[in-house]
Amino acid sequence: MVREETISNDVLVVGGGIAGLLAAIRATELGSNVTLVSKGVTSRSGQCVMAASTFLGYEPSEDLMTWVKEAREISDYLDDPEIIENVIYQSHNLRNRMAEWGVKWHIENGNLVRKSGLGMKKMRNVFFQGGLQMLSVLRGEAARRGVKIIDRLMVSELITSDGCYPTNGTIIGAIGINVRNGTFYRLKAKAVVMAAGDWGIKNAFLPPDNTGDGQAASFRAGVVLRNFDQLGFTLAPAVNLTLAGLHPFFGHGAVLVNRLGERFMEKYSPELLERSPRAVLARAAALEIKAGRGPIYLDATQLNEQDLSRLKFLLPRVFLTFDRANIDIARDRVEYSLSNYGSGPCGGVRIRKDSSTSLSGLYVGGGTSDRSYAGVPGLTGASVTGYLAGESAAYYAKEVGLKEWNESLVTDLQNKMYKPLQCDNGLESNKILEDIRNIVNNQIGVIKNEDRLKKGAAKLKELRCDYVPRMMARDFHELKNVWEVSNIVQMAEIMATTSLIRKDTRYFNYREEYPYRDDENEFKWILTQSNGEGMKIWTENIPYEGGR
Amino acid sequence: MPIESTDPYRCMSCLICTKVCIADVFRMQKGKAEILYSEDCVGCFLCEIECPGHAIKVVANNKVVFLQEP
């Protein structure tokens, strides 16, 4: 039999990336006792370590509202105006705090290096010296402040006060297992910060841990999601679709060409060219490939030695990979492909400015959230929303007590979680993953249409109802994979179904039938919520004016 | 991503690869690190960067291998 452990806290933080770590640090600062759990390894797992070392370079001397307007435009106005303003404004303070704790920002000749990023005209990015350095510092800071950190612990379900899914009550903790030895955890808490990163389909742009566990568990508990019609795609080297770098590469002047050597962004976005928003780049690449002018290539051959050397320093993993694949970026064009980015750019649990959600006791920051800060680099938004999630969770935890758990509910959930281990001739989770990838990349895809979306949604529902319950696991590692695939399917189905609602092209929702942005009729957010059997979907008008 | 081989010579049994791997592909077998879940490897390079014995190499196409020479 597996061991069982019970841990009780003021605040439980799920996820060990920048959002989770800053939430934990902030919550302890306000007097909470905090445990942080990570499915992987805190300071190694998640998007931060694999990210392109880029952070928004807002300074108080800048005109805040200019930056807000620019960011809103990048997101095609899907950003929440209050949140994007707050994220930009607070990012400066957080940068300074992180520097005080030891995070290294990239300085040359005594100044921070500042470059334009994707979609940026007046805005600028600064750079840090790798996610590994940053998260190692933050993990150390969290531990120094008394945060208990438990790695290799996958949270499988949130616990609701009324035992219902979806709940009319509050969130009072979570359950999970150690992904190596299967130890079962009861994680009782007054408040939960869900900062478990984005939903992705594995073997694409997002790291393998980002399978939408946090979004799916929150959805099942009854939280409202926002903008889960936005399927992200980015461009990555064909040799390894998980490699980041667009902000710094294009910020330094690299260009994109098609098979014919044409700089195709001149056709699609003549003003910003390769520094167009990511959605515009992905769409342009998809259209070029569809028209038979693929593959596409990144051309950095015009960059000078100093720039290449800086890029190599900021993107070590990219250059290591190129080295192993015998690619010399100074001399050759590099083949790039579309790489699925899941909920990366936008979409997830709806958050307010204080990172609270529609469920009391549940706070969300970072990739798990709806990313209402899509107009700025994701890590920047994750840092501010995570920090605020910890703050809000700490204040809430002062007002409530620990709630009693319904043990028969826990037993049911526990049995359900271990069931694939008893399934002798079940289905391999990795095999289903190929089907899901195919549906997400081709049936939903960069270029969406109603017919393919409906077929995709139906196929995903079939996978969720008929295949997923029959998956088997031979050990706890495979059990983790099974539940990851289950979450991937659940969120993919929500993505396909929600995409049908938006009838214009906005940010990452490119509709063949509606290829233009329609601010008159479709200036809306799309909200989704579980109703037990399926989901209800509705829309809310985006405020034209925002912030102050 | 498939793993080609494991090598007992350079591995120092320090457990660092098992601690840092984001896809949790390593397990200790008979005191040495082995790659048990090679299909989950995404070529993040953390194991290679952090292995003090220089026992691990990430090759092109995200295969991770243990080096053969002692």
Handout entry: Criterion violated by A:VAL193 - all others in (1) touching a Phe, Trp or Tyr at 6+ places or on another chain (Cβ under 8 Å); (2) within 14 Å of chain B (Cβ to nearest Cβ); (3) not basic (Lys, Arg) satisfied
Key = (2)
Practice task
Please work out which one of (1) open to solvent by less than 10 Å² (accessible area, probe 1.4 Å); (2) among the aromatic types (Phe, Trp, Tyr); (3) over 25 Å from the mean Cα position of the chain (by Cα) is the condition A:TRP525 fails and give its number.
Solution key: (3)
Exercise for the section: Give segment A:123-167 a look and list any residue that's under 27 Å from A:PRO277 (Cα atoms) and either among the hydrophobic types (A, V, I, L, M, F, W, C) or open to solvent by less than 20 Å² (accessible area, probe 1.4 Å) (or both), or say none. Expected result: A:MET123, A:ASN125, A:VAL126, A:PHE127, A:PHE128, A:GLY130, A:GLY131, A:LEU132, A:MET134, A:LEU135
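Give the residues of segment B:43-70 that are at pLDDT 70 or above, open to solvent by 60 Å² or more (accessible area, probe 1.4 Å) and facing chain A (nearest Cβ under 9 Å), sorted by residue number. Walk me through it before giving the result.
Quick first cut of segment B:43-70, residues at pLDDT 70 or above only: B:43-59.
Filter once more, keeping what is open to solvent by 60 Å² or more (accessible area, probe 1.4 Å): B:49, B:52, B:54, B:57.
Passing the criteria: B:ILE49, B:LYS57.
Scan segment B:14-42 residue by residue and report those that are in a loop (DSSP other than H, G, I, E, B) and either open to solvent by 20 Å² or more (accessible area, probe 1.4 Å) or of a type in the set (Ser, Thr, Tyr) (or both). Break it down stepwise before answering.
Here is the first cut: in segment B:14-42, the ones in a loop (DSSP other than H, G, I, E, B) are B:14-15, B:21-25, B:30-31, B:36-37, B:41-42.
Hits for segment B:14-42 are B:CYS14, B:LEU15, B:LYS30, B:GLY31, B:LEU36, B:TYR37.
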Handout entry: Residues of segment A:56-76 that turn out to be open to solvent by 50 Å² or more (accessible area, probe 1.4 Å), touching a Gly at 6+ places or on another chain (Cβ under 9 Å) and under 19 Å from A:ASP518 (Cα atoms), as a count
Key = 1
Problem - In segment A:194-203, residue farthest from A:GLY15 (Cα to Cα) [restricted to those that are open to solvent by less than 10 Å² (accessible area, probe 1.4 Å) and in contact with a Leu (Cβ under 7 Å, 6 or more places away or on another chain)] - result: A:GLY200
Exercise for the section: For residues that are touching a Leu at 6+ places or on another chain (Cβ under 8 Å) and outside any loop (DSSP other than H, G, I, E, B), scanning just segment A:27-49, find the one that is surrounded by the fewest Cβ atoms within 10 Å (Cβ to Cβ). Expected result: A:THR35
Exercise for the section: May I ask you to verify whether A:VAL468 is β-branched (Val, Ile, Thr) and modelled with pLDDT of 95 or more? Expected result: no
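Of all the residues that make up segment A:87-107, how many are in contact (Cβ under 8 Å) with a residue 12 or more places away in the chain and either in a helix (DSSP H, G or I) or surrounded by fewer than 16 Cβ atoms within 10 Å (Cβ to Cβ) (or both)?
Keep residues of segment A:87-107 that are in contact (Cβ under 8 Å) with a residue 12 or more places away in the chain, which gives A:87-92, A:94-95, A:98, A:101-106.
Then keep just the ones that are either in a helix (DSSP H, G or I) or surrounded by fewer than 16 Cβ atoms within 10 Å (Cβ to Cβ) (or both); that gives A:87-92, A:94-95, A:98, A:101-102, A:104.
The total comes to 12.
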Exercise for the section: Of the numbered conditions (1) within 14 Å of chain B (Cβ to nearest Cβ); (2) more than 24 Å from A:ARG333 (Cβ to Cβ); (3) more than 16 Å from the chain's Cα centre (by Cα), A:VAL239 fails exactly one; give the number of that condition. Expected result: (2)
Completion exercise
The lone condition A:THR528 fails out of (1) touching a Gly at 6+ places or on another chain (Cβ under 6 Å); (2) in a strand (DSSP E or B) is (1)
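Quick check: is even one residue across segment A:21-38 out of contact with any Cys (no Cβ under 8 Å at 6 or more places or on another chain) and closer than 19 Å to A:GLY130 by Cα?
In the first step, residues of segment A:21-38 are kept if they are out of contact with any Cys (no Cβ under 8 Å at 6 or more places or on another chain); the result is A:21-38.
Going one step further and asking which of them are closer than 19 Å to A:GLY130 by Cα, we end up with A:21-22.
Among the residues of segment A:21-38, at least one is out of contact with any Cys (no Cβ under 8 Å at 6 or more places or on another chain) and closer than 19 Å to A:GLY130 by Cα, which makes the answer yes.
Quick one: would you say A:LEU272 is of a type in the set (A, V, I, L, M), within 12 Å of A:LEU338 (Cα to Cα) and either open to solvent by 30 Å² or more (accessible area, probe 1.4 Å) or within 14 Å of chain B (Cβ to nearest Cβ) (or both)?
On the way: of a type in the set (A, V, I, L, M): yes; within 12 Å of A:LEU338 (Cα to Cα): no; either open to solvent by 30 Å² or more (accessible area, probe 1.4 Å) or within 14 Å of chain B (Cβ to nearest Cβ) (or both): yes.
Taking the combined requirement at face value, the residue does not satisfy it.
Among the residues of segment A:176-226 satisfying the criterion of being basic (Lys, Arg) and part of a strand (DSSP E or B), which is farthest from A:ILE488 (Cα to Cα)? Spell out how you get there, then give the answer.
Filtering segment A:176-226 down to residues basic (Lys, Arg) leaves A:180, A:186, A:188, A:190, A:202, A:220, A:226.
Narrowing the set further to residues that are part of a strand (DSSP E or B) leaves A:186, A:188, A:190, A:226.
Values: A:ARG186: 24, A:LYS188: 26, A:LYS190: 28, A:ARG226: 17 Å.
Of everything passing the filter in segment A:176-226, A:LYS190 is farthest from A:ILE488 (Cα to Cα).
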Completion exercise
Within segment A:314-339, of all residues that are open to solvent by less than 10 Å² (accessible area, probe 1.4 Å) and assigned to a strand (DSSP E or B), the one farthest from the other protein chains (Cβ to nearest Cβ) is A:TYR336
Problem - Total residues in segment A:4-49, condition of a type in the set (D, E, K, R) and over 16 Å from A:VAL155 (Cα atoms) - result: 4
Problem - Residue in segment A:247-267 that is open to solvent by less than 30 Å² (accessible area, probe 1.4 Å), within 14 Å of another protein chain (Cβ to nearest Cβ), in contact (Cβ under 8 Å) with a residue 12 or more places away in the chain and not hydrophobic (A, V, I, L, M, F, W, C) present - result: no
Problem - Unique match (being open to solvent by less than 10 Å² (accessible area, probe 1.4 Å), at pLDDT 95 or above and within 15 Å of A:LYS188 (Cα to Cα)) among A:ALA393, A:ALA389 - result: A:ALA393
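The values are calculated or read from the model by the stated rules, or taken from the named source; none is laboratory data. All of these numbers come straight from a predicted model, not from anything done at the bench. Using ideal geometry, Cβ is built from the backbone for each residue, glycine included, and neighbour counts are taken over all protein chains shown. Ligands, DNA and RNA are excluded from the accessible area calculation, which covers all protein heavy atoms including side chains. Shrake-Rupley method; radii C 1.70, N 1.55, O 1.52, S 1.80 Å.
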